[in-house]
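Chemist: Please read through the structure below; I'll follow up with questions.
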Amino acid sequence: MFSLTIRRKHLTGVAKIVAAILPAILAMLSIRCGHISAQEFPAVIGRIEGDDLEVATVMPSGRETHAAPTVVASGSDVTLRSGHALLLLNGGGEISVCGPAHFKLIKSASALTLALDYGRVHPSLESASGFTIYTPAIVATPIAIAGGPRDTTLGLDQSGEMCILTARGAMRVEPQLAGQSVIVPQGGTVSLAEGQIESLQADASACTCDFPRASLETPDPLPPPDSQAERSLARLARPLPPERKKSENAPPPSTSAEEPVYTVLMPPLSFDATSPEPPPDPNPETILLVREVRLRPAFVFRGHVNEAPSPVSADSPPSAAPVQSVARPTESKPGFFDRVREFFHRLVG
């Protein structure tokens with residue numbers, strides 16, 4: 001009986017120790033598994049779709065290859081044989097690709113790197129996260145101006161010729177084997193050969209790359225209505241086109257004559273992309289400020305001015321009042337019967 005009691009107490013103590021240690025072991029195993037899965041599975045960058053492309057990604061199970069539309073992760077190799085492709089980034093923005101093209105995407109924290117072998121890429125970035133394009137000859141970094149969006153295009157042929165187009169923002173170009181850098185300003189078009197600038201006035205149409213969005217914006221056809229209620233619902237579901245109001249060509253408001261008009265005359269500004277230093281500011285002595293004014297008279301008379309009356313002297317007699325002529329009634333001439341009556345009156349009387 002005594003030995004049985006000791007064994008029960010021993011088993012109870014062992015059970016308490018195991019119950020206390022088991023949650024800690026499970027927590028360590030879950031942390032270990034989460035750490036391993038985070039290391040094995042790459043971070044997802046976005047989703048791509050296109051005509052004839054292939055995306056290869058190294059997964060824990062091996063190298064997986066998928067056709068579009070599919071997901072692009074960090075370390076994925078994207079090959080576009082022909083046509084166009086569009087990559088929608090999870091962090092905001094998109095990248096249009098024109099084939100043939102081959103590149104690789106790598107994500108580190110919030111920065112994204114695109115290693116381009118050949119092809120044309122058109123990144124349109126709205127966020128301020130880092131983005132860099134690596135080529136065998138140069139490193140290109142889009143730069144935002146005043147916190148605005150970045151919309152640039154970089155094209156690289158298999159022969160080594162390169163073009164850069166900056167629609168919004170600028171782009172810093174750094175050769176791989178040199179420490180100097182060149183900034184392509186907004187609205188510039190540059191062609192390069194072997195990492196060196198060849199022309200600053202390249203053809204912009206040869207460097208554009210836009211994804212055709214007609215297939216994305218085509219609405220699905222509505223099913224044919226079967227009843228009168230469905231017809232009314234279908235009629236209500238279709239949005240009405242906005243009414244276009246004819247804009248009247250109203251003349252611009254004329255400036256008041258009292259406000260002066262100023263005109264600044266100064267020499268034209270210049271810019272040289274090949275110069276490492278900015279051009280000097282214009283000399284203030286060469287700047288003219290012209291003010292346009294209108295001379296107006298002090299008094300302006302409008303209407304008719306009467307002559308002043310002649311002065312009246314004190315010695316002159318007062319003028320007589322005008323005599324008013326009284327109109328007398330005209331006497332009527334006697335008629336025939338009056339004459340006959342007067343004749344008989346004379347005979348009798």
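Chemist: Take segment 102-116 and flag every residue that is touching a strand residue (DSSP E or B) at 6+ places or on another chain (Cβ under 6 Å) and surrounded by fewer than 16 Cβ atoms within 10 Å (Cβ to Cβ).
Modeler: Of segment 102-116, the ones touching a strand residue (DSSP E or B) at 6+ places or on another chain (Cβ under 6 Å) are 102-107, 112-116.
Listed by number, the list holds a single entry, 115.
Chemist: When both residues are 6+ apart or on different chains and their Cβ atoms are under 6 Å apart, which pairs have a first residue that lies in segment 111-131 and is under 23 Å from residue 205 (Cα atoms) and of a type outside the set (Gly, Ala, Ser), and a second that is in a loop (DSSP other than H, G, I, E, B) and modelled with pLDDT under 95?
Modeler: 116/135; 118/158; 120/209; 122/209; 125/93
Chemist: Quick one: would you say residue 127 is in the same structural domain as residue 55 (by TED's automatic domain parsing), loosely packed, with under 14 Cβ neighbours inside 10 Å and polar (S, T, N, Q)?
Modeler: Details: in the same structural domain as residue 55 (by TED's automatic domain parsing): yes; loosely packed, with under 14 Cβ neighbours inside 10 Å: no; polar (S, T, N, Q): yes.
Spelling it out, it is not the case that residue 127 is in the same structural domain as residue 55 (by TED's automatic domain parsing), loosely packed, with under 14 Cβ neighbours inside 10 Å and polar (S, T, N, Q).
Chemist: Something else now. Among the residues of segment 71-97 satisfying the criterion of being within 15 Å of residue 151 (Cβ to Cβ) and not in a strand (DSSP E or B), which is modelled with the highest pLDDT?
Modeler: My answer is 93.
Chemist: Okay, next question. Taking interchain pairs and intrachain pairs at least six residues apart, which have beta carbon atoms under 7 angstrom, with the first residue in segment 277-303 and closer than 15 Å to residue 264 by Cβ and the second part of a loop (DSSP other than H, G, I, E, B)?
Modeler: Within 7 Å, the pairs are 282/266; 282/267; 286/266; 286/267; 287/266; 291/260; 292/260.
Chemist: Within segment 288-302, is even one residue at pLDDT 80 or above, among the β-branched types (Val, Ile, Thr) and under 30 Å from residue 259 (Cα atoms)?
Modeler: The answer is yes, given that some residue of segment 288-302 is at pLDDT 80 or above, among the β-branched types (Val, Ile, Thr) and under 30 Å from residue 259 (Cα atoms).
Chemist: I'm trying to understand the selection: among the residues of segment 180-194, which are surrounded by fewer than 18 Cβ atoms within 10 Å (Cβ to Cβ) and touching a residue at least 12 places away in the same chain (Cβ under 8 Å)?
Modeler: The first filter runs over segment 180-194 and keeps only residues surrounded by fewer than 18 Cβ atoms within 10 Å (Cβ to Cβ), leaving 180-181, 183, 185-187, 193-194.
180, 183, 185, 186, 187, 193, 194, listed by residue number.
Chemist: Another question, then. From 156, 112, 116, 105, grab the single residue that is modelled with pLDDT of 90 or more and farther than 15 Å from residue 79 by Cα.
Modeler: Working: 156 fails: farther than 15 Å from residue 79 by Cα; 116 fails: farther than 15 Å from residue 79 by Cα; 105 fails: farther than 15 Å from residue 79 by Cα.
Answer to the check: 112.
Chemist: Here is a check on your reading of the model: is residue 15 surrounded by 10 or more Cβ atoms within 10 Å (Cβ to Cβ), of a type outside the set (Val, Ile, Thr) and modelled with pLDDT of 90 or more?
Modeler: Values: surrounded by 10 or more Cβ atoms within 10 Å (Cβ to Cβ): yes; of a type outside the set (Val, Ile, Thr): yes; modelled with pLDDT of 90 or more: no.
No: the conditions fail for residue 15.
Chemist: Is it true that residue 325 is modelled with pLDDT of 75 or more, assigned to a loop (DSSP other than H, G, I, E, B) and not assigned by TED's automatic domain parsing to the domain that holds residue 200? It would help to see each step written out before you state the result.
Modeler: Numbers: modelled with pLDDT of 75 or more: no; assigned to a loop (DSSP other than H, G, I, E, B): yes; not assigned by TED's automatic domain parsing to the domain that holds residue 200: yes.
No, not satisfied.
The values are calculated or read from the model by the stated rules, or taken from the named source; none is laboratory data. Source: prediction; values computed, not measured. Every residue, glycine among them, receives a Cβ derived from its backbone with ideal geometry; neighbour counts consider all protein chains shown.
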